[in-house]
Amino acid sequence: MRQNAILRLMLACFLLYVAWPYLRVQGSPIGSYFWLTWLFFFLLVAGANLAIILRIPNKMDVSSPSHEKKRQQSYGKN
């Protein structure tokens, strides 16, 4: 899993390296919006892959199953 994340991060960095010279050559506001969107998605991809590499845990689960069981048991005692 970490090897895939490293490869994806390297690919994203390579694409940024290739696109960087053209970043300053925009002719219209639409081109500026495109590059801002492209950089946003690059940061999103790079951040997600760095989180995988650094093994940052996902904090989506607020309560653990053991906490739920304790809560249900405490309701049963009342």
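The values are calculated or read from the model by the stated rules, or taken from the named source; none is laboratory data. Keep in mind that what you see is a predicted model, and the values were worked out from it rather than measured. When we count neighbours, we look across all protein chains shown, and the Cβ atoms used for this are built from the backbone with ideal geometry, even at glycine. In case anyone asks, the SASA skips ligands and DNA or RNA and just uses the protein heavy atoms, side chains included. Shrake-Rupley method; radii C 1.70, N 1.55, O 1.52, S 1.80 Å.
List of remarks:
- For the range 1-10, the set of residues classified as assigned to a helix (DSSP H, G or I), among the hydrophobic types (A, V, I, L, M, F, W, C) and open to solvent by 100 Å² or more (accessible area, probe 1.4 Å) consists of L7, M10, listed by residue number.
- Residues in the range 24-42 that are open to solvent by 80 Å² or more (accessible area, probe 1.4 Å) and closer than 21 Å to R8 by Cβ: F40, F41.
- Any hit, the range 56-78, residues being open to solvent by 80 Å² or more (accessible area, probe 1.4 Å), of a type outside the set (F, W, Y) and modelled with pLDDT of 90 or more: no
- Residue that is modelled with the highest pLDDT, among those in the range 17-31 that are of a type outside the set (F, W, Y) and assigned to a helix (DSSP H, G or I): V18
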